[in-house]
Amino acid sequence: MRSGFVSIVGRPNVGKSTLVNNLVGEKVAITSSRPQTTRNTIRGVLTQGDSQIVFVDTPGLHKPRTALGERLNKIVYGSLADTDMALFVIDARAPIGPGDRLIAGRLTEAKAPVIVAVNKVDIAKPDQIAEQLAEAAEWDFAAYVPISARTGDGVDRLVDEVLPRLEEGPHFFPPDAVSDQPEHLLAAEFIREKYLSRLHEELPHSLAIVVNEMTTRDDGLVHIEATAYVERESQKGMVIGKGGSMLQAVGTEARHDLEKLFGAKVFLELRVKVEKDWQRRDQTLDRLGF
Ligand SMILES: Nc1nc2c(ncn2[C@@H]2O[C@H](COP(=O)(O)OP(=O)(O)OP(=O)(O)O)[C@@H](O)[C@H]2O)c(=O)[nH]1
Ligand SMILES: [Mg+2]
């Protein structure tokens with residue numbers, strides 16, 4: 001009977017959230033091809049018999065350019081401060097760079113055992129993978145496992161490397177739990193995910209979703225009122241789309257996911273508001289819940 005917390009860290013876009021979803025077998029964290037998709041720690045719970053691993057997905061570590069960026073990095077370091085282990089995810093195709101070395105240094109300081117997951121092997125060439133494994137091995141961490149978070153290849157092996165390194169301990173969550181995220185946060189994230197794949201350039205960064213109200217009616221229908229915040233008046237049009245087309249497309253897609261999540265019909269009301277330069281202002285970041 002073992003248990004513990006395992007932080008998943010790495011540069012933006014390497015596949016940390018995809019991995020946590022694969023590990024727990026359900027979508028608990030949103031993913032996208034845009035960097036800095038994850039903006040808070042998300043716990044994904046994997047129960048195997050008497051043992052339980054709590055994976056903590058974190059934002060990608062990067063050079064911060066805004067107050068939001070600084071907060072995101074702090075979240076990652078905070079999660080490392082009291083973790084039992086760390087999974088360091090790197091992209092098999094991207095050469096190990098200064099960003100990875102910085103993270104490796106922090107992980108060494110953190111003292112917890114570290115397992116390196118070399119991800120995206122499904123789209124990397126065999127010699128790229130071999131080279132990456134060899135280069136990463138110079139760090140002297142506990143284990144190195146090639147995986148594909150997308151296909152699930154190697155993920156069982158990763159769990160096999162984690163479990164024996166955790167200490168004896170109790171369950172932290174009920175055995176059927178996969179996440180501890182409140183439903184309104186999960187709903188806001190699902191909506192943001194639909195936007196991320198449709199928006200370009202700086203817009204994904206400028207977008208924040210807040211669920212203002214969520215109620216279940218007597219007939220079971222879940223009514224969700226949410227606001228999409230952008231940073232400038234000029235961005236509002238893009239988030240709404242011509243004649244409301246973007247709002248409608250995102251709403252339909254999000255509703256589909258939310259209905260699966262809640263197992264109920266969902267009515268989604270989505271508004272768009274401007275919150276000037278929210279990424280750069282501490283006060284607004286507080287208010288938006290970062
Ligand atoms: N082909 C392939 N794509 C992957 C794999 N893992 C993740 N991806 C893709 O890589 C992109 C980034 O994945 P995320 O899981 O959002 O990455 P992340 O590390 O959580 O990113 P941030 O939250 O921004 O730090 C998405 O488009 C994923 O579908 C993989 O094993 N194989
Ligand atoms: Mg992520």
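Here are the numbers:
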{"item": "Condition met for GLY220 (small (Gly, Ala, Ser) and surrounded by 12 or more Cβ atoms within 10 Å (Cβ to Cβ))", "result": "no"}
{"item": "Qualifying residue in region 27-40 (condition: within 18 Å of PRO113 (Cβ to Cβ) and within 14 Å of ligand 2 (Cβ to nearest atom))", "result": "no"}
{"item": "Selection status of ASP57, within 16 Å of ligand 2 (Cβ to nearest atom) and of a type in the set (Asp, Glu)", "result": "yes"}
{"item": "Subset of region 137-158 [outside any loop (DSSP other than H, G, I, E, B) and under 10 Å from ALA117 (Cα atoms)]", "result": "ALA143, TYR144, VAL145, PRO146, VAL155, LEU158"}
{"item": "In region 41-74, the residues that are acidic (Asp, Glu) and within 22 Å of GLN283 (Cβ to Cβ)", "result": "GLU70"}
{"item": "Matching option when the condition is out of contact with any helix residue (DSSP H, G or I) (no Cβ under 8 Å at 6 or more places or on another chain), loosely packed, with under 14 Cβ neighbours inside 10 Å and modelled with pLDDT of 95 or more, among PRO164, PRO175, PRO182", "result": "PRO164"}
{"item": "Selected residue [at pLDDT below 95 and of a type in the set (S, T, N, Q)] from GLN36, GLN132", "result": "GLN36"}
{"item": "Within region 48-62, tally of residues that are surrounded by fewer than 19 Cβ atoms within 10 Å (Cβ to Cβ) and within 20 Å of the chain's Cα centre (by Cα)", "result": "1"}
{"item": "Top-ranked residue of region 97-120 - restricted to ones that are at pLDDT 95 or above and part of a loop (DSSP other than H, G, I, E, B), ranked as surrounded by the most Cβ atoms within 10 Å (Cβ to Cβ)", "result": "LYS120"}
{"item": "Any pair with Cβ under 8 angstrom, 6 or more apart, that starts in region 218-229 at a residue that is within 14 Å of PHE267 (Cβ to Cβ) and ends at one that is modelled with pLDDT of 95 or more and of a type in the set (S, T, N, Q)", "result": "VAL222/THR215; VAL222/THR216; HIS223/THR215; HIS223/THR216; GLU225/ASN212; ALA226/ASN212"}
{"item": "Pairs where the first residue, in region 137-149, is in contact (Cβ under 8 Å) with a residue 60 or more places away in the chain and the second is of a type outside the set (Ser, Thr, Tyr) and assigned to a loop (DSSP other than H, G, I, E, B), C-beta under 7 Å, 6+ apart", "result": "ILE147/ASP153; ILE147/GLY154; ALA149/GLY15"}
{"item": "Candidate set from region 1-27 (those that are of a type in the set (A, V, I, L, M) and surrounded by fewer than 24 Cβ atoms within 10 Å (Cβ to Cβ)); member that is farthest from ligand 1 (Cβ to nearest atom)", "result": "MET1"}
{"item": "Residue count, region 257-286 (criterion: without any contact (Cβ under 8 Å) to a residue 40 or more places away in the chain and surrounded by 14 or more Cβ atoms within 10 Å (Cβ to Cβ))", "result": "2"}
{"item": "Residue that is within 16 Å of ligand 1 (Cβ to nearest atom) and touching a strand residue (DSSP E or B) at 6+ places or on another chain (Cβ under 8 Å), where the choices are VAL56, VAL45", "result": "VAL56"}
{"item": "So HIS200, is it closer than 25 Å to PRO12 by Cα and outside any helix (DSSP H, G or I)", "result": "yes"}
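The values are calculated or read from the model by the stated rules, or taken from the named source; none is laboratory data. Since we're looking at a predicted model, the values are computed, not measured. FYI the Cβ positions are ideal-geometry reconstructions off the backbone, even for glycines, and counts take in every protein chain you see.
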